[in-house]
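**Q** Before I ask anything, here is the structure I am working with.
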Amino acid sequence: MPELYPYPRFSLAERDRRWKAVRELMRQQNIDVIVAPQNSGHSADYQADTRYLTHCGGGEPDVAAVFPLDGEVTAIATSAAPRWPTVQDWTMDVREARRNYGRAIVDRLKEFNVERGRIGITGLGEIEGTRTPEGTIFYGTWKQIREAFPSAELVDATKILAQVRYVKSQEEIDVLAKSMEIIELAIQAEISAAQPGVKDWEVWAAAQYAMMRHGSEMPVHCFWVSGKNPKRTLTRPSMRILERGDVIINELEASWIGYRSQGVQPVFVEVINPAQAELIKVQREIFNRVLESLKPGISVGELAELTRKTAESIAPKSGPAAGASGDLTMHGRGAGDDGPIITPHARSPRQLGLAMQENMVLVCKPSAISADGEYICQWGDTVVVTENGGRRLGKRPHELAVAAG
Amino acid sequence: MIPQLSLQERDRRYQKVRTEMKRQGIDCLVLPANTGRWEQLQGDSRYLTTIGGFATEVFTVFPREGDVTAYIFNRAAWWKQAQRWVGDVRDGRNRWGENAIERINELGLQKGTIGISGLAGLFRAPEGIIPYSSVKAMQDAFPHAKFVNATEMMQEVRSVKSAEEVSMLERSAAIIEKTIETMVENANPGVSEKEIYGAMVHTMLANGGELPTLFFLSAGPGLTNSSFVPTDYQIQKGDRIIDEIEAKYGGYAAQAVCPVVVGAPDDEYQRMIDISRACFDAILGGMKPGITFGSLFDIYRETVEQHGKGKYAWNHPVMHARGLGDDGPALLGDKDLERFSKIELQAGMVFILKPQVRAAQSKGRASIGDTVVVTENGARRLGKRELKLIVKSV
């Protein structure tokens, strides 16, 4: 085996746990082999299944996996030999694609005699992924598999990986806690850099630098916007010059071995908006009540309802937060494109009915919204579902941050 | 608030693409959203909308006649304000098949010829970038439409850059060189790869660079290759730092290959870098409109033979185009050489020129490189740094 680079890794026991769990479901569904296709889209979120099974990933290369019910697991990559055997010890069969992944997948599938078998494909598109309603396998890759195995049954295996990945092991939770630690260092850097006269882009750069020097991989998904009263983040910073009274709102992720927690932390430049100062009290109470209720068995729909009712019951009768409403946004955290998800726009009955399970990890980021809709206060942390309620992975105080200048 | 291109540039592109669509009988182009490979794979969609960056997925429907439509996941309102090229920006929630069907129905092109750029044949994604189920949805919705692959058409349109595009690439090259200064400053014994990497990204972003961007860096004794992820490895005296550095400005990415040795270089490595530099100069000298890629490759081979004297040989890659991502022509391997050997260079083509040299009797290899633009009078570098092996004294 080649010498491994100094890079954080999961244990072999973690590998065996995952493989066993996936194979149990494959056996139940009579699936002979699963193909997890290459697709480095959305900051490599769309390729999370491959990395979950092979431990090959990081940066944004294309990597596919062939995962049999019985037999050796294969990772397929371009420049495979120099790059992937040196960063992980899970998958010994690393094969060269030379960018033709479909061909390499077909070659490997032929070794399993599945001409009339049942081939599972994650991201086939028949079952919606969290952010991939039309799947992740490229037409050209699918076509090669279909043509090579005309008598095989191609089935969507998205649900199998989603189900296994919903519940995190202790190793995964530890890794997500490390990711959260890096995010909070980035938030500190953001607070230090955000001063009047400084470019929004430079503050973003300071936050990204803090992440990378503390071990985050790139790319990561980080949303961001600054202004007097921005209501929604963008996917990018701008060249805007910060002024006293501005606020930067964000969704920051850091990637530790590919695992991304998330933090949401409004940062005000020198002075906090008075309406936001009142709304954060409502928001904090909503967050805490949701956190208390994050126990196995509660459904996503019940949590959304709890948010709305909490806001109704605690919103003050007067002042800027009078009549404030609450909205819950939560989604799974992990290796990428994790579920379940609840947002004001993504509430399918299937997802609303989903019950929490112990050791699910989600970002919990409810909003408190002023009665006139003019102000939205959102704060969030990554949390673990436990028997006793949710547990935060972050350690920073639940409050609006002020960059003192 | 973000880098912009002019409306004249938009009109130039639209006219060029529509002329080619007419020639090929294409009624409507579908340009997929995929931010994979550091957002290189979405170059076509961004080329016709300017929308993108920071992993913004943009799916574009571009008719030969009529308004262009861009589908964003959920931030259409902002993008309507942030750019001036496309007025019809919609929230599409990544339901790209549904999005395309909606717009094609509006355009009345149910029986038309639909060109999909990204169906197959990208340089770094030969199997394309459009999901199987998106294609199936369109085929099912429009059984009388004809679907064709428009990938090569877009590659050809994008291969020649306008003056505005070259100026964006010059900005990118300038950011890269600031990043290189940061690398050299931080390349000291005891400093980890991650720390250097982070500092370089900080410089890149603080000077207007965009994420995600392809940027590899590895340090170690006798290294010949960089890895995708920086590690905790701490630099030691005598190490090499091998890199491939891109910085994006408005989506445009030049590239530099800038090896560094911490302490004194070994003779063989220095020799290979010197030969790579000789090849760079010889090829640059030969680059002018009308010369074929095959002739440039001959110059490369002859220069290595002349300077290498049998001890060193040529190796892929030698050059590939720069721009918004997955640009062509690209000489990445033997098949590309076969495909492009008789194709002529044109003024406005931009390449990373990084001739690689390998040792005939060992695994050693090395390259040095910079981004260059072909002009009517020959080619010129976009970078300004001295092109040499950087030796950091410690």
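**Q** Calculate one ³J(HN,Hα) per residue across the range A:395-401 by plugging θ = phi - 60° into the Karplus curve 6.51 cos²θ - 1.76 cosθ + 1.60, and present them in order as whole Hz with x for glycine and proline.
**A** 10, 6, x, 7, 7, 6, 8
**Q** Then there is this: Given the range B:166-285 reduced to its alpha-carbon atoms as identical point scatterers, what log10 I(q)/I(0) does the Debye formula return at q = 0.14, 0.15, 0.18, 0.20 Å⁻¹?
**A** After summing over all Cα pairs, the log10 values are -0.60, -0.69, -0.95, -1.11.
**Q** Using Cα springs under 10 Å in a Gaussian network model of chain A, which residue among A:LEU354, A:LEU362, A:LEU291 shows the largest mean-square fluctuation?
**A** A:LEU354
**Q** Mind ordering A:182-194, B:8-20 by average Cβ neighbours within 10 Å, highest first? Intermediate results must be reported in sequence, preceding the final value.
**A** On the way: A:182-194: 22.3, B:8-20: 15.2.
The packing order, highest mean first, is A:182-194, B:8-20.
**Q** Right, here's the next one. Mean Kyte-Doolittle of at least -0.5 and a Cα length of 24 Å or more along the axis: which whole DSSP H helices of chain B meet both?
**A** Both cut-offs are met by B:163-186, B:267-286.
**Q** Another question, then. Need one word for the range B:2-125: rounded, prolate or oblate. Basis is the Cα gyration tensor (sqrt eigenvalues a ≥ b ≥ c); a/c below 1.5 gives rounded, then a/b vs b/c decides.
**A** Numbers: a/c = 1.25, a/b = 1.22, b/c = 1.03.
Rounded, since a/c falls under 1.5.
**Q** Counting only other chains, and only Cβ atoms inside 10 Å, what mean value do you get across the residues of A:209-219?
**A** On the way: counts 11, 2, 2, 10, 10, 3, 6, 2, 4, 11, 8.
Taking the mean over all residues of the peptide, I get 6.
**Q** By counting other Cβ atoms within 10 Å of each Cβ, how are B:PHE142, A:PHE138 ranked from fewest to most?
**A** Values: B:PHE142 19, A:PHE138 32.
Listing B:PHE142, A:PHE138 from fewest to most nearby Cβ atoms yields B:PHE142, A:PHE138.
**Q** For the range A:373-384, take each phi angle, set θ = phi - 60°, evaluate the Karplus expression 6.51 cos²θ - 1.76 cosθ + 1.60, and give the result in whole Hz per residue in order, putting x for glycine and proline.
**A** Calculated HN-Hα couplings, in order: x, 6, 10, 10, 10, 10, 9, x, 9, 8, 10, 10 Hz.
**Q** Rounded, prolate or oblate: which one fits the range A:12-165, using the alpha carbon gyration tensor with axes a ≥ b ≥ c (rounded when a/c is under 1.5, else prolate when a/b beats b/c, else oblate)?
**A** Rounded shape, in that the Cα axes give a/c under 1.5.
**Q** What dipole magnitude, in Debye to the nearest 20, does chain B give about its Cα centre under +1 on Lys/Arg Cβ and -1 on Asp/Glu Cβ?
**A** Working: 49 positive and 49 negative charges, 70 e Å.
The calculated dipole for chain B is roughly 340 debye.
**Q** Something else about it: What are the ³J(HN,Hα) couplings of the range A:326-343, residue after residue, when phi is run through the Karplus curve with 6.51, -1.76, 1.60 and θ = phi - 60°? Round to Hz, x for glycine and proline.
**A** Computed from phi, the couplings for the range A:326-343 are x, 9, 9, 10, 9, 8, x, 10, x, 7, x, 6, 7, x, x, 10, 9, 9 Hz.
**Q** Considering only Cα-Cα distances, which of the following residue pairs are longer than 25 Å: B:LYS22/B:LYS111; B:LYS288/B:LYS354; A:LYS178/B:LYS392; B:LYS22/B:LYS335; B:LYS237/B:LYS388; A:LYS365/A:LYS395?
**A** Violating the 25 Å Cα-Cα cut-off are A:LYS178/B:LYS392; B:LYS22/B:LYS335.
**Q** So, one more: Using the crude model of +1 on Lys and Arg Cβ and -1 on Asp and Glu Cβ, and no other charge, please compute the dipole size for the range B:186-246 relative to its Cα centre, in debye to 20.
**A** Dipole size: approximately 200 debye.
**Q** Per DSSP helix of 4 or more residues, -39500 (n - 2.57); summed, then divided by the residues of chain B. What does that give at 222 nm, rounded to the nearest 500? Write out the running numbers ahead of the final one.
**A** Values: 12 runs with 148 residues, N = 394.
Roughly -11500 deg cm²/dmol at 222 nm, from the helical runs in chain B.
**Q** Hey, can you grab everything whose amide H is under 5 Å from the amide H of A:ASP156? Only 5+ residues off in sequence or another chain; H modelled, so Pro and N-termini drop out.
**A** A:ILE121
**Q** Per 5 Å bin, what is the whole-percent P(r) computed from every C-alpha pair distance within the range A:156-314?
**A** 2, 8, 14, 16, 17, 17, 14, 9, 4, 1, 0
**Q** Further question on the same structure: Of the listed peptides A:327-335, B:85-93, A:276-284, what is their order by residue-averaged count of other C-beta atoms within 10 Å, with the highest listed first? Mind showing how you got there, number by number?
**A** Working: A:327-335: 23.0, B:85-93: 17.8, A:276-284: 21.2.
Packing proxy ranking, top to bottom: A:327-335, A:276-284, B:85-93.
**Q** While we're on this one: If you place +1 on the Cβ of every Lys and Arg, -1 on the Cβ of every Asp and Glu, and leave all else neutral, what size is the dipole of chain A about its Cα centre, to the nearest 20 Debye? Intermediate results must be reported in sequence, preceding the final value.
**A** Values: 48 positive and 52 negative charges, 36 e Å.
In total the dipole reaches around 180 debye.
**Q** B:THR375's amide H: which non-local residues (gap 5+, or another chain) put their own amide H closer than 5 Å, with H modeled 1.01 Å from N in plane and none for Pro or chain starts?
**A** Under 5 Å from the amide H of B:THR375: B:GLY348, B:ARG380.
**Q** Running a GNM on chain B with Cα contacts under 10 Å, which residue among B:VAL30, B:VAL373, B:VAL229 ends up with the highest mean-square fluctuation?
**A** B:VAL229
**Q** R0 = 41 Å: FRET efficiency of A:ARG350 with B:HIS144, Cβ-based, nearest 0.05?
**A** Working: r = 34 Å, r/R0 = 0.84.
The pair A:ARG350/B:HIS144 has a calculated efficiency of 0.75.
**Q** Here is a follow-up. Run through the DSSP bridge list for the protein assembly as shown and note the antiparallel percent, rounded to the nearest 5. Mind dumping the intermediate values first?
**A** Details: 89 of 118 bridges.
If I count the DSSP bridges inside the protein assembly as shown, around 75 percent turn out antiparallel.
**Q** Also, I was wondering about something else. May I ask you to list the lysines whose Cα is less than 22 Å away from that of A:LYS20, ignoring any residue fewer than eight positions away on the same chain?
**A** Within the straight-line limit of under 22 Å, A:LYS20 reaches these lysines: A:LYS159, A:LYS168.
**Q** Also, I was wondering about something else. Within 10 Å of each Cβ of B:230-238, how many other protein chain Cβ atoms are there on average?
**A** On the way: counts 9, 9, 5, 3, 1, 0, 0, 0, 0.
Shielding by partners across B:230-238 averages 3.
**Q** When Rg is the radius of gyration of the Cα atoms in chain A and Rh is its Kirkwood radius, what does Rg/Rh come to? All intermediate terms of the calculation are to be shown ahead of the outcome.
**A** Details: Rg = 22.4 Å, Rh = 22.3 Å.
So for chain A, dividing Rg by the Kirkwood Rh gives 1.01.
**Q** Taking the Cα centroid of the range B:57-99 and of the range B:372-388, what is the distance between the two, rounded to the nearest whole Å?
**A** Rounded to whole Å, the Cα centres lie 36 Å apart.
**Q** Okay, helix-only estimate at 222 nm for chain A: each DSSP H run of n ≥ 4 adds -39500 (n - 2.57), divide by all residues, round to 500 deg cm²/dmol; what do you get?
**A** -10500 deg cm²/dmol
**Q** What does the protein assembly as shown give for Rg and for Dmax, in Å, if only its C-alpha atoms count?
**A** 26.1, 87
**Q** Just tell me how shielded B:69-79 is by partners: mean number of partner chain Cβ atoms within 10 Å of each residue's Cβ, no decimals.
**A** Details: counts 0, 0, 0, 1, 3, 5, 7, 0, 1, 7, 2.
Mean number of neighbouring Cβ atoms from other chains: 2.
**Q** Mind checking which of A:ILE137, A:ALA21, A:TRP90 is farthest towards the positive end of the protein assembly as shown's charge dipole, using Cβ charges of +1 (Lys, Arg) and -1 (Asp, Glu) about the Cα centre?
**A** A:ILE137
**Q** List the residues, sorted by chain then number, that are 5 or more residues from A:ARG95 or on another chain and whose placed amide H is less than 5 Å from its amide H.
**A** The answer is A:ALA75, A:ILE76, A:ALA77.
**Q** For all pairs of alpha-carbon atoms in the range B:1-59, what percent lies in each bin of width 10 Å, listed from the first bin to the last filled one?
**A** The percentages, shortest bin first, are 22, 45, 30, 3.
**Q** Let me ask something else. Using the alpha-carbon centroid of each, what span in Å lies between the range A:310-357 and the range A:3-25?
**A** 33 Å
**Q** When averaged across all projection directions, what area in nm² does the alpha-carbon convex hull of the range B:163-392 cover? Intermediate results must be reported in sequence, preceding the final value.
**A** Values: hull surface 46.0 nm².
Approximately 11.5 nm², given one-decimal rounding.
**Q** Could you pull out every whole DSSP H run in chain A that spans at least 27 Å of Cα extent along its own axis and averages -0.5 or higher on the Kyte-Doolittle scale? Could the numbers behind the result be given before it?
**A** On the way: long enough: A:170-193 (35 Å, 0.41); A:274-293 (30 Å, -0.24).
Helices meeting the criterion: A:170-193, A:274-293.
Just so you know, all these numbers are worked out from the coordinates, no wet-lab data involved. From a predicted model like this one, the values you see are computed outputs, not experimental measurements. Here the Cβ is made from the backbone with ideal geometry for all residues, glycine too, and neighbour counts use every protein chain on show.
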